[in-house]
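Before any comments, here is the structure.
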Amino acid sequence: MLYAKVLNPATHGKKVYANNGSVRRATNYLEQEAKQAGQSGAEFFGTEAAGRLSADDVVQLLDNNHKGLGKDAVKFHSLVLSPDQEQLALLGNDPQKLQEFTRAAMELYGVLLNK
């Protein structure tokens, strides 16, 4: 089963996932969560052409994506895609395939938001 949820800052960690202002709080939180899970850090990636991104790259991209947005306007949404072991097995437990799946899901999510 795949767990998918859009986090609402009003009900899911408002201070951690506030989606106005800077995205730095969210990247710091994700880095901390990854380290607590025994990973060296969080993995950030954008389009296939962009490849892997550092937390600083993510902050730079999202914090500067403000054309027409006010200082306190919503700048990003947090979407959780969490496949279970069976779903990961269907992807061959391949991190590259998981990234491809995530990119495709995000493209569909973007299309739905723009309707």
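The values are calculated or read from the model by the stated rules, or taken from the named source; none is laboratory data. Since the model is a prediction, treat every value here as computed from it, not as a measurement. For neighbour counting, all protein chains shown are included, and Cβ atoms are generated from backbone atoms with ideal geometry for every residue, glycine included.
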Worksheet item: Would you call H77 in contact with a strand residue (DSSP E or B) (Cβ under 7 Å, 6 or more places away or on another chain) and not polar (S, T, N, Q)?
Response: yes
Item to complete: Could you please find all residues in region 63-84 being touching a residue at least 12 places away in the same chain (Cβ under 8 Å) and over 12 Å from the mean Cα position of the chain (by Cα)?
Response: D63, K71, D72, A73, V74, K75, P83, D84
Practice prompt. Scan region 71-78 and give yes if some residue there is surrounded by 12 or more Cβ atoms within 10 Å (Cβ to Cβ) and modelled with pLDDT of 85 or more, otherwise no.
Written response: no
Worksheet entry | Pairs with Cβ under 6 Å, 6+ apart, first in region 29-52 and surrounded by fewer than 13 Cβ atoms within 10 Å (Cβ to Cβ), second outside any helix (DSSP H, G or I) | R52/F45
Worksheet item: Does any residue of region 8-21 turn out to be within 20 Å of L113 (Cβ to Cβ), over 12 Å from the mean Cα position of the chain (by Cα), at pLDDT below 85 and loosely packed, with under 11 Cβ neighbours inside 10 Å?
Response: yes
Discussion item. When you check L91 against the structure, is it more than 17 Å from the chain's Cα centre (by Cα) and either at pLDDT 85 or above or acidic (D, E) (or both), yes or no?
Written reply: yes
Worksheet entry | Criterion (at negative phi and in contact with a Pro (Cβ under 9 Å, 6 or more places away or on another chain)) met by exactly one of N64, N20 | N20
Response to the item:
Residue pairs qualifying under the 6 Å Cβ cut-off, at least six apart or on distinct chains, with the first in region 87-115 being surrounded by 12 or more Cβ atoms within 10 Å (Cβ to Cβ) and the second being part of a loop (DSSP other than H, G, I, E, B) and among the aliphatic types (A, V, I, L, M), are K97/L91; L98/L91
